[in-house]
Structures are given as structure tokens and as C-alpha cells.
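What follows is a short report on a single structure.
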Amino acid sequence: MFNMVKMDLYRMFNSKSLYIIGIIMACLIFLTTGLLKMEFDSYERKSDKQIHAVNEDNVNLGMSVFVEPDEDGEVTVLNDFFANVSAKFLALFLVIFTVIFSTADYTSGYIKNIAGQVNDRSIFILSKAVSLFIYTIISVFWFLFIQILAHLIILGYVKLGDIRDLVSYVSLQILLNYAFLIIVMIISIILRNNLISMIIAICLCMNVMVILYNAIDKLLEKIGLDNFTVVKCTITGRISMLEVGGSVRENILSIAVSVIFIIVSMFIGIFVFKKRDIV
Amino acid sequence: MKEYLLETKNITKQYGSFKAVDDVSVHIEKGAIYGFIGRNGAGKTTFLKMISGLASKNSGSIELFGNKINSLSDIHGRIGCLIEEPGLYQNMSAYENIKIKCMLFGLDKSSYIEDLLKTVGLDKTGHKKVKKFSLGMKQRLGIALALIGEPDLLVLDEPINGLDPQGIAEIRDTILKLRDERNMTVLISSHILEELSKIATDYGIIHHGSLIKELTKEELLSKCNERIEIVLDNPLEALPVLDKMGFNNYKVVDSTRIQVYERLSESYMINRELVMSNINVKEIFVITEELEEYFLNLTGGAANV
């Protein structure tokens, strides 16, 4: 297992896409920070602005990023990070790399060189999962680093925000985004098709599933379950709805949803991969 | 009793109602170069995938050194394979491609990788990106990948497909080198019998998923030995004569030729009987059959190719 993880990490750090996606992400962070500054310079700030918390009623189709200033009228790294992550701006980059990384051994055919020579095929999935965990952490910190740099260069100041809230929020989002990547990885491995997997992953980032969730909610409402909303129990929903300094109950729910999705996805992925012939 | 490095017993692979491989039993001795011959779609690749642990079998058993392999995992590390075209990361160098698999085996020392590249004759181009490689070089790199972990059996599926004569010669030399230097047992599939005959010591012929013949090089050569070739205007007129003479093993191959595969010393008698029956014989002679022709005859004739 250790050797397989070593192999996957070598493959990951030797793939161009990792760096290209990282560079594009960095450029877009600078761009959005620049746009943010322009917007803040152009308009008078309204005093009643609050952090744009998303709830189950306003998880909408598409991607929109709202950044709110703090009481001093300045944008903290935490607020900016919150806005980008909850809008799944970060997730969008992560899933693109995940699809490329997860299917690379299939699309290249390299899997044929190794699949027959391992004790247990499940380590292929487990190893990718470990590699993606490392990738998620690196990407989140890369994102934060670039954001801090962009604030420093473009806004001319760096205000992190409440450190405790930042650490807690970042940690939970790492877990939620990681769970999302595991789902995308399993979809890619099952479908073995880069394009379709990529489309599905991007659609998930764009909250396309909200249409389905709303339909299920309506159905549940008809059978008497008025207070249940599906989106609250989904990874993409939790990524959007997780609040900065949220309640312990909500944080635990996020952790529980992540863990359940990770376990179920991994189980399905391992089952399919073990049963299937390598073609 | 012979001891085999690899033996399959009635292995079958079924997709729905279609049997891609049907009850195939092969016997491969240690140090042999086993040529697995069959037309496209005969079931060669499916069979090799099962041997290599890439596909599961529906029934039958595989034994390696006399030990039954019950699951794919048991094959671990003992069989190196190159199935269909080599699976390579095009944006990486040959060295990096090898290094990745070496990491899996915990063998990622630079000297080991360089040795492998040298074995397949890629030591001077090891740091070049694979996408710049010729097909022959890619095939050799695929062989190098299959050699990682010192497998007991090397499985090569159509390694000369699409190669130019020079590429074919390079692959042939590589395989012979592996046999001579490492006493490697090789299972190699191809539909080009002529090429395979230059290196193989044993043969298995598969057709429509079934193994129709398993024979040694000597047996194959003797089978391909001789036949009587009769050239005449209307072969159909000659058939009653041949039947009357008691010939059963003959074939009308085209509008002017009959091939007789038995009683080869009686060509003069055939000639006499045909002339006496007022049938004009243009030519009658005994010739040696080409290997390729033998294979075609076994698998239903050239018309079915």
C-alpha cells in the first residue's frame, strides 16, 4: 500500500495538469481579488451588509461569489476564502484535476502494466484516495497562500479574520471538499471516461443536482416530511451551507455527511474495481 | 510426467452467451517461447488477460509451477505482461514510466531502471519523452515494464503488430536475448505465424475461442512438410478419380488446383489415373507447405481471414 501511494504521488507531482491547474487557479484568484477591489472602489459600502450565509433556500444553480467586508470595511482572508469555497470556486479546480488524475492510468493504459501484479486491487482505490487527501490539503493551502498574496499585492493589506474561525472553517472545508473529490474519483473510475466525468463533476459544482433535490423535497413534503431538505445532507450542499463560526451541531453534521459519503463511495468504487476486468 | 511453468485447465471466459475463450488448456514448459496463434478475434487477448490477472475467468483453473491460482491476486508479481498496445504515460520519459512501476515493487533504484532500459535497448533514449518514441521503441519499453519484478513468465500480446521489418527484428532480438540471458519463459501471441516461427519453441493454435492444436516446433515443421499439388483445368472432374483411388484428405484450393495431403509417394499414380480418365493434368508435384498456409488450413482456409 505504501509503495502504491508513493507511486501515485510520484505520478501526481510529475503531471503537468497539477501545475497548470494550480497556476490557473492562482491567476483567477488574483483576477477576482482585482475585481473585488474595483467593485469596492466603485461603490459605497452599505452598512447593513453581512456575511452572505447560504442556506438550504438559496443554494441556486450556477456559481456566484459574494465577498463581504468586515466592520472596518475591509475584506478579510477568511471572508474571501469563505466566499470562494462556499461558491465551489475552489472545488471546480479540484474536481478537474481529480478527474484527470483518477483516469490517467486508464486513459494511458498504464493500468494494464500493474493491475495484474498487486495482491489486492482495492489498494488502487485506497492509494488514490490517500493521494487525493494530500492533494486537497495542498490545494487548500495553495489557495489560501495565493489569496493572502493577492490581498497583500492588490488590496494592500492582509487581514486574516478570526483565526479560530479560520482554522475551523478551513479544516471542515478540507474534509467536505475531500469527500466531494472522492465522489468524483469514484464516478471517474466507474465511467472510465474523462469527458463525461468532467461534465458531471462540473455540473455538481454548479449545483445542477439542486433540481433533483428540490423535486425530492417536494415529494417528501407530499408524504408529510415537511422539515427535511435533501440538500442539507449532500456534500455539495454542505460545502455551500457551512457557516463561519457555525454551531457545533452543524459542524458535526458536516463531518458526518463527509464521512458517510467517503465510506459509501469508497465501498462502491472498490467493489466495482475488483469485479471488473481491465480493458 | 512433464512439469509445466504454466498450465491452464479448461478455462472459459463468457460474455453473456458468447464464449470468448472456451475450455482452453495450454501447457507451457519453463524456458519455452510459446507462440499463441490465432486470427483477430480468436480469443487470444482475452486468454492472455486471464493469464495476466487482468480479467477473471468463468470456469477452469490456472496453475503456475503446479500451484493452483484461485484468484487474480495469487498471480501477484509472477507474470509480467504487455497486452495489446503498451500502456504508457506519453508525457513522461521511458525512465519515468519504468520508475513508476518500480516504485510499486520497491525497486526504484536508478541502476535497476538503467539495467532494464539497457536490456531492451533503450539506454540511450531513456530520458526522451515517450510521445516522441516510434511504435517499436514503445513496444520495447512495454517489454521493459513487463520485466519489472523479475517475473517467471512474460506475456506478450501481438508485440509486432504494426511494426516495420526493423521494428519486428528488434522485438525478436529482445525476446531471444531475454531467453538466452535470463532463461525467461515467454508466451507470445500473434496472427503472423511466419514471424512467430522464427523464435517460438512451442505453439498453441486458437480459433473461435477454442484451442484447436498444441504442438512443438518440430511437430509443426513436420506437419507443414509436404503435399501433392495438382494443377488442371477443372478440378471438379478429378475428384471422382481421387475418391475412387481412396484419397480422403484433399482440398480444392482454387479453380485450377487440388492439394492432396496423404500418400505423397503416389503422385505418379494420381497422374496416371487422371490421364486414363481423360483429364488433362497441367502439373503435378510434391511441395512443402508454408507455415502460414498450414495455419490457414487449420482454421478454415484463407477465405475466412
Item to complete: Name the helices (complete DSSP H segments) of chain A with a Cα length along the long axis of 30 Å or more and a Kyte-Doolittle mean of at least 1.0, or state none.
Response: A:16-42, A:122-150, A:163-191, A:248-275
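Which value, to two decimals, describes the C-alpha radius of gyration of chain A once divided by 2.2 N^0.38 Å?
Values: Rg = 19.9 Å, N = 279, 2.2 N^0.38 = 18.7 Å.
That works out to 1.06 for chain A.
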Practice prompt. Using a 10 Å cut-off on Cβ to Cβ distances, tally the other chain neighbours for every residue of B:51-59 and report the average as a whole number.
Written response: 4
Discussion item. I need the phi-derived Karplus couplings for the stretch B:12-25: 6.51 cos²θ - 1.76 cosθ + 1.60, θ = phi - 60°, integer Hz, Gly and Pro marked x.
Written reply: 9, 10, 10, 10, x, 9, 8, 8, 6, 10, 10, 6, 8, 10
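Under 8 Å for C-alpha pairs, at least 6 residues apart: give me the relative contact order for chain B, rounded to a whole percent. Present the calculation step by step, with values, prior to reporting the outcome.
Numbers: 557 pairs, mean separation 59.8, N = 305.
Across chain B, relative contact order equals 20 percent.
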Practice prompt. Springs between alpha-carbon atoms under 10 Å, Gaussian network over chain B: tell me which of B:Val252, B:Val186, B:Val21 tops the mean-square fluctuations.
Written response: B:Val252
Discussion item. Can you give the log10 of the normalised intensity I(q)/I(0) at q = 0.11, 0.13 Å⁻¹, computed with Debye over equal Cα scatterers of chain B?
Written reply: -0.74, -0.93
Worksheet, complete the sentence: Out of A:Leu78, A:Leu212, A:Leu126, a Gaussian network model of chain A with alpha-carbon springs under 10 Å gives the largest mean-square fluctuation to A:Leu212
Worksheet item: Hey, if you put +1 on the Cβ of every Lys and Arg and -1 on every Asp and Glu Cβ in the protein assembly as shown, which of A:Leu36, B:Met50, B:Ser190 ends up farthest toward the positive end of that dipole?
Response: A:Leu36
Practice prompt. Give me the percent of DSSP beta bridges within the stretch B:4-222 that run antiparallel, rounded to the nearest 5.
Written response: 55 percent
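Other chains near A:266-278: what is the mean number of their Cβ atoms within 10 Å of each residue's Cβ?
On the way: counts 0, 0, 0, 0, 0, 0, 0, 0, 3, 1, 2, 9, 8.
Counting Cβ atoms of other protein chains within 10 Å of each residue's Cβ and averaging gives 2.
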Worksheet item: Most exposed first by the Cβ proxy, i.e. fewest other Cβ within 10 Å, how do B:Leu178, B:Leu82 rank?
Response: B:Leu178, B:Leu82
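Note down the magnitude of the dipole of the stretch B:4-222 about its Cα centre, charges +1 on Lys and Arg C-beta and -1 on Asp and Glu C-beta and zero elsewhere, to the nearest 20 debye. Mind dumping the intermediate values first?
Values: 28 positive and 28 negative charges, 127 e Å.
Using Cβ point charges on Lys, Arg, Asp and Glu, the stretch B:4-222 gives about 600 debye.
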Item to complete: Considering only A:Tyr178, A:Tyr135, A:Tyr213, give the residue with the highest GNM mean-square fluctuation for chain A, with springs between Cα atoms whenever their separation is below 10 Å.
Response: A:Tyr213
Discussion item. Suppose every Lys and Arg Cβ carries +1 and every Asp and Glu Cβ carries -1, with no other charges. What dipole size does the stretch A:2-275 come out with about its Cα centre, to the nearest 20 debye?
Written reply: 1480 debye
Item to complete: Using label points projected 7 Å from each Cα along Cα→Cβ, tell me how many nm separate B:Ser25 and A:Ile20, to one decimal.
Response: 5.4 nm
Discussion item. Please give the charge dipole size of the protein assembly as shown, origin at the Cα centre, charges +1 on K and R Cβ atoms and -1 on D and E Cβ atoms. Round to the nearest 20 debye.
Written reply: 500 debye
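Starting with the fewest neighbours, write out B:Cys102, B:Cys81 ranked by other beta-carbon atoms found within 10 Å of each beta-carbon.
Ordered from fewest to most neighbouring Cβ atoms within 10 Å, B:Cys102, B:Cys81 come out as B:Cys102, B:Cys81.
Under the classification rounded if a/c is under 1.5, otherwise prolate if a/b is larger than b/c and oblate if not, where does the stretch B:226-288 fall, given a ≥ b ≥ c as square roots of the Cα gyration tensor eigenvalues? Write down the numbers at each step before the final one.
Numbers: a/c = 1.32, a/b = 1.15, b/c = 1.15.
Rounded.
Percent of alpha carbon pairs in the stretch B:151-305 separated by more than 25 Å?
On the way: 5306 of 11935 pairs.
Pairs farther apart than 25 Å: 44 percent.
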Worksheet entry | Average projected area [Cα convex hull, the stretch B:1-88], square nanometres | 6.5 nm²
Discussion item. Taking the alpha-carbon distance from B:Lys44 and a cut-off under 20 Å, which lysines remain once sequence neighbours fewer than 8 residues away in the same chain are dropped?
Written reply: A:Lys112, B:Lys9, B:Lys13, B:Lys19, B:Lys57, B:Lys198, B:Lys213, B:Lys217
Response to the item:
For the stretch A:139-226, using Cα atoms only, the Rg and Dmax in Å read 18.6, 55
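How do A:Phe101, B:Phe247, B:Phe47, A:Phe267 line up, fewest other C-beta atoms within 10 Å first? All intermediate terms of the calculation are to be shown ahead of the outcome.
Numbers: A:Phe101 22, B:Phe247 18, B:Phe47 29, A:Phe267 13.
Taking fewest neighbouring Cβ atoms as first place, the list is A:Phe267, B:Phe247, A:Phe101, B:Phe47.
By its C-alpha gyration tensor, with a ≥ b ≥ c as the square roots of the eigenvalues, how is the protein assembly as shown shaped: rounded for a/c under 1.5, else prolate for a/b larger than b/c, else oblate? Intermediate values should be presented prior to the final figure.
Working: a/c = 3.14, a/b = 2.60, b/c = 1.21.
Cα axes put the protein assembly as shown in the prolate bin.
None of the figures in this text is laboratory data; all of them are computed from the coordinates on show. Remember, predicted model here, so these are calculated numbers, not experimental data. Here the Cβ is made from the backbone with ideal geometry for all residues, glycine too, and neighbour counts use every protein chain on show.
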